[in-house]
Amino acid sequence: MKKIMSFIIPVLIGVILCYLLVENYLKLEIIKETAKNPTIVLTKITIYTVILGILLESHKFILLIKGHIRISWMVVPSVVLLFVLCIPTNQWVIWFNGLGDFPINLFTIPQPRTFLSILVGVLLVRSLCDSRS
């Protein structure tokens, strides 16, 4: 029963997060059409996808909760990337407007941000978990 619950709970949370992602992505599309600032919606999407990345490593996350912590060097790039993803999209345009599309689009378009946010969640758990236990 315990093994089944350790599978069902992350799946249910993942389904809820996917629902929230779709809902916020639809809000983002509406905001784009009305020329409003999408910062809050993009921040929610970033938070949800980081949590989704953590859920992908749910077994290691459970080990973290139980106290099996070992910090590796990967925590530094994970935290740096997390802070970079928290920077509002309009700020990226202001900073890197003359550099071309790649640096700006990597952090302003929702799909690459989503991928990077999931990656951050996975890397954070892997960099903090002592999987030798």
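Checked against (1) at pLDDT 80 or above; (2) assigned to a helix (DSSP H, G or I); (3) over 18 Å from the mean Cα position of the chain (by Cα), Lys44 passes all but a single condition, namely (3). Scanning segment 57-77 for residues that are buried (at least 17 other Cβ atoms within 10 Å of the Cβ) and in contact (Cβ under 8 Å) with a residue 60 or more places away in the chain, we see that the one that is nearest to Cys18 (Cα to Cα) is Glu57. Inside segment 49-70, residues that are within 18 Å of the chain's Cα centre (by Cα) and not in a helix (DSSP H, G or I) make up a count of 1.
The residue that is modelled with the highest pLDDT, counting only those in segment 107-126 that are of a type outside the set (Gly, Ala, Ser) and within 14 Å of Leu21 (Cβ to Cβ), is Ile118.
Considering only residues that are at pLDDT below 80 and assigned to a loop (DSSP other than H, G, I, E, B), look in segment 78-106 and name the one that is surrounded by the most Cβ atoms within 10 Å (Cβ to Cβ). Among those that are at pLDDT below 80 and assigned to a loop (DSSP other than H, G, I, E, B), it is Pro88. Please enumerate the residues belonging to segment 1-41 that are within 18 Å of Gln111 (Cα to Cα) and in a loop (DSSP other than H, G, I, E, B). Scanning segment 1-41 gives Asn37, Pro38.
The values are calculated or read from the model by the stated rules, or taken from the named source; none is laboratory data. In this text the structure is predicted, and so the values were computed from the model without any measurement. Reconstructed Cβ throughout: ideal geometry from the backbone, glycine too, with neighbour counts over all protein chains shown.
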